[in-house]
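The values are calculated or read from the model by the stated rules, or taken from the named source; none is laboratory data. Keep in mind it's a predicted model, so treat the numbers as computed, not measured. Every residue, glycine among them, receives a Cβ derived from its backbone with ideal geometry; neighbour counts consider all protein chains shown. Note: areas computed on protein heavy atoms with side chains; ligands, DNA, RNA excluded. Shrake-Rupley method; radii C 1.70, N 1.55, O 1.52, S 1.80 Å.
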Amino acid sequence: AVLLALFSTLTVEVTDRELRFRFGIGLFRRSVPLNDIASWAETRNSWLYGWGLRLTYRGWLYNVSGVHAVEITLRTGKKFRLGTDEPQELSRALTSATGRQ
């Protein structure tokens, strides 16, 4: 029951200053200033990656279902992926907030 509460949902928000995301009730959360994001791309995860918080060869993966994701590349070169059922919407929100593609 505890794991379900912690990892049942992944909420992603794009504000005018940062990208925020959190699992479930918010115990695991992160925010990234938009200025720190170099680029992003819609992608697909292998079903082998599974769900939850995982370290993959492509960087950290935050995922609760499905295989669709958006890969974020930071200016430092580090990458992570946010699993989402709506990768186009997340890409559009990042484009709108940053003014970049």
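Here is the figure for the range 80-99: residues that are part of a helix (DSSP H, G or I) and more than 13 Å from the chain's Cα centre (by Cα) total 5.
Just so you know, in the range 18-40 the residues that are at pLDDT below 85 and open to solvent by 50 Å² or more (accessible area, probe 1.4 Å) include one that is nearest to G83 (Cα to Cα), and it is F28. In the set T73, T43, T15, only one residue is at pLDDT 90 or above, touching a Leu at 6+ places or on another chain (Cβ under 9 Å), under 18 Å from L94 (Cα atoms) and not hydrophobic (A, V, I, L, M, F, W, C); that residue is T15. Scanning the range 31-56 for residues that are within 14 Å of H68 (Cβ to Cβ), among the hydroxyl-bearing types (S, T, Y) and in contact with a Lys or Arg (Cβ under 8 Å, 6 or more places away or on another chain) yields a single hit, T43. What residue, among those in the range 52-70 that are under 24 Å from T95 (Cβ atoms), β-branched (V, I, T) and in contact (Cβ under 8 Å) with a residue 24 or more places away in the chain, is surrounded by the most Cβ atoms within 10 Å (Cβ to Cβ)? Within the range 52-70, the match that is surrounded by the most Cβ atoms within 10 Å (Cβ to Cβ) is V70.
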